[in-house]
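Okay, so here's the structure we're looking at.
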């Protein structure tokens, strides 16, 4: 009995309720100063996805700042190439809120989806 990967993919993608923009740091030459700079350039826009929290926030309270870190997992189409360090801005359908994360090293994609660990750092 063969596995119907298209059927599995359709079932997984029914859970995709959010959308994301994936951006990458690209070296570009400034036309005025002729200096090479790192710029953040969108690679993929408005891609359907599913964000899942993997752990509770860790509080890094100090006298000067309150640093909050937490991890999340992104479910995404397997054909999209995401690199470690890419910046992923996820728009939550339920609230319209945009959350920004840094991508970890992606797990080799399954034929139906890929899972990418994300890290968020916020200051309260």
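The values are calculated or read from the model by the stated rules, or taken from the named source; none is laboratory data. Keep in mind the model is a prediction, meaning the values are calculated, not measured. Don't worry about glycine lacking a Cβ; one is built from the backbone with ideal geometry, like all the others, and counts go over all protein chains shown.
Please go through the stretch 18-56 and give me each residue that is more than 14 Å from the chain's Cα centre (by Cα) and assigned to a loop (DSSP other than H, G, I, E, B), ordered by number.
Once the filter is applied, which keeps residues that are more than 14 Å from the chain's Cα centre (by Cα) and assigned to a loop (DSSP other than H, G, I, E, B), the stretch 18-56 yields 30, 31, 32, 33, 34, 35, 55, 56.
Filter the stretch 72-102 for residues that are under 14 Å from residue 44 (Cα atoms) and assigned to a strand (DSSP E or B) and give the result. Full working, then the answer.
If we filter the stretch 72-102 for residues that are under 14 Å from residue 44 (Cα atoms), which is where we start, we get 76-83, 86-91.
Passing the criteria: 76, 87, 88, 89, 90, 91.
Just one of the numbered conditions (1) closer than 22 Å to residue 119 by Cβ; (2) surrounded by 11 or more Cβ atoms within 10 Å (Cβ to Cβ); (3) at pLDDT below 85 is not true of residue 28; which one?
(1)
Suppose we filter 6, 48 for residues that are surrounded by fewer than 14 Cβ atoms within 10 Å (Cβ to Cβ) and modelled with pLDDT of 85 or more; which single one remains?
Values: 48 fails: surrounded by fewer than 14 Cβ atoms within 10 Å (Cβ to Cβ).
Checking each option against the conditions leaves just 6.
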